[in-house]
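J.: Here it is, the structure in full.
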Ligand SMILES: NC(=O)c1ccc[n+]([C@@H]2O[C@H](COP(=O)([O-])OP(=O)(O)OC[C@H]3O[C@@H](n4cnc5c(N)ncnc54)[C@H](OP(=O)(O)O)[C@@H]3O)[C@@H](O)[C@H]2O)c1
């Protein structure tokens, strides 16, 4: 299978990771990416790590006619929130007119199509959805929970970064009646994208830790959908925090142990949840962000006393929380081995 790939928003952090991963992906035959700021300039102008490895030039826009004869066109959207939703109708019409719509695989990295109703979207994101009639037409891209739905999927909404960490943490808790579950997660500054803001600017961030969107983060509804998917009864609260690393998310879920579950039982559940999952690693003690940075792995650990349980998860937000996960979803959608182009260790120390 030869894939012809376009990345919309290729100059950002997610776009850069996609260029890095896909330029080494054995099924990718051609690769191109858009940027308005870098149009006409080489990829390494935005991503210096790609110099001499992935040589391409950013385009202002994709001419879809050039994909018309491709046997397997693929589009990744790594644009800011709202950008895909506001132009998808137009793009779908053009893809349809070129006979591309039914064989093109689109993987969106933004939150635009992760939720299935306009009401849920408005509640989570505080604004009306720009393209509500397409809500519900995307498969939710988090293979550890939705692997069975991905083969053959043509429109995929990859899970959010915090949402990924929290939902991986729910894997050992499938089917349990838990009551209150409190979750926290610390993210590195790359979670906010490549454009510097007051909360990502190095001097104001490097030696600081702060909470934000306390109890109200927009990824909560994604996680709540998985509580239903996993038949987990839980009253979940979540406090996201920004920490001093560049990459990485470290998440903690805490709960009272339900009747009949002890530390050994929780450990056995975690072992079962990680078995057969190519990117989940069960670790002793604490997962470490430094052990997963640059890789698509998620490290997970559990701990319990006679009353309390905890699940700890570390991921790289730009990999398992974003670009790596998007490629993992694409592999599954196209019937490739799930790990194609993805199974390697990150750089340690980070
Ligand atoms: N960072 C993370 O950890 C993370 C994790 C999971 C999901 N996400 C989601 O993934 C998406 C990309 O995130 P990112 O961190 O890569 O962002 P980013 O670094 O800010 O990159 C955004 C990209 O989109 C382009 N862009 C900006 N405004 C645009 C517009 N109005 N229309 C079209 N393109 C536009 C930018 O390039 P030009 O301005 O040059 O066109 C750039 O290539 C976002 O939706 C984000 O929420 C991020």
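Taken together, the values in this text are just the output of simple stated rules run on the coordinates, not laboratory data. What you see is a predicted model; the values in this text were computed from it and never measured. With ideal geometry, Cβ positions are generated from the backbone for all residues, glycine too; neighbour counts draw on all protein chains shown.
J.: Segment 42-94 to segment 139-218: how many Å between their Cα centroids?
T.: 24 Å
J.: So how tilted is helix 263-274 from the main axis of the chain? Cα-based, degrees 0 to 90, rounded to 10.
T.: 10 degrees
J.: Could you grab the relative contact order for the chain? Cα pairs under 8 Å, six or more apart, rounded to a whole percent.
T.: About 17 percent, as a whole number.
J.: Another question, if that's okay. Going by C-beta contacts inside 10 Å, put 343, 320 in order with the fewest on the left.
T.: Least crowded to most crowded, the residues run 343, 320.
J.: Under 1.5 on a/c is rounded, so check that first for segment 69-193, then, if it is not, pick prolate when a/b is larger than b/c and oblate when it is not; a ≥ b ≥ c are the square roots of the alpha carbon gyration tensor eigenvalues.
T.: Prolate shape, in that a/c is at least 1.5 and a/b is the bigger ratio.
J.: OK, next. Anyone know which of 182, 233, 305 comes out most mobile in the 10 Å Cα GNM of the chain?
T.: 305
J.: Determine, for 217, 44, 81, the number of other Cβ atoms within 10 Å of each Cβ, and report the residues in order from fewest to most.
T.: Going from sparsest to densest Cβ surroundings: 81, 44, 217.
J.: Also, I was wondering about something else. Report the extension gain between residue 215 and residue 89 in nm, rounded to one decimal, defined as 0.36 nm multiplied by the number of residues separating them, less their alpha carbon distance.
T.: 42.0 nm
J.: Follow-up. Ranked by Cβ crowding within 10 angstrom, fewest neighbours first, how are 43, 64 ordered?
T.: Taking fewest neighbouring Cβ atoms as first place, the list is 64, 43.
J.: Multiply the residue separation of residue 306 and residue 184 by 0.36 nm, subtract the distance between their alpha-carbon atoms, and state the gained length in nm to one decimal.
T.: Gain in length upon complete extension: 41.7 nm.
J.: For the residue pair residue 49 and residue 343, what label-to-label distance in nm results when each label sits 7 Å from Cα along the Cα-to-beta-carbon direction?
T.: Placing both labels 7 Å beyond Cα along the Cβ direction yields 2.2 nm.
J.: Here is a follow-up. Shape verdict for segment 232-317, please, from the Cα gyration tensor: rounded (a/c under 1.5), prolate (a/b greater than b/c) or oblate.
T.: oblate
J.: Another question about this same structure. Between 172, 151, 287, which gets the highest mean-square fluctuation from a Gaussian network model of the chain, Cα cutoff 10 Å?
T.: The residue with the greatest mean-square fluctuation here is 151.
J.: Which shape class applies to the chain: rounded if a/c is under 1.5, otherwise prolate when a/b exceeds b/c and oblate if not, where a ≥ b ≥ c are the square roots of the Cα gyration tensor eigenvalues?
T.: prolate
J.: Something else about it: DSSP beta bridges in the chain, what fraction antiparallel, as a percent rounded to 5?
T.: In the chain, DSSP labels about 40 percent of beta bridges as antiparallel.
J.: May I pose another question? Picking from 168, 180, 334, which is most flexible by a Gaussian network model of the chain using Cα springs under 10 Å?
T.: 180
J.: Can you tell me the orientation of helix 220-229 relative to the chain, as the angle in degrees between its alpha-carbon axis and the longest Cα principal axis, to the nearest 10?
T.: That helix lies at roughly 70 degrees to the long axis.
J.: Only Cα pairs under 8 Å and at least 6 apart count here; give the relative contact order of segment 160-305 as a rounded whole percent.
T.: It rounds to 33 percent for segment 160-305.
J.: Here's something else I'd like to know. Expected output is a single nm value to one decimal: the length gained when fully extending between residue 202 and residue 81, i.e. 0.36 nm times separation in residues minus the C-alpha distance. What is it?
T.: Full extension from residue 202 to residue 81 adds 41.2 nm.
J.: I would also like to ask the following. Tilt of helix 323-333 relative to the longest C-alpha principal axis of the chain, in degrees (0 to 90, nearest 10)?
T.: 80 degrees
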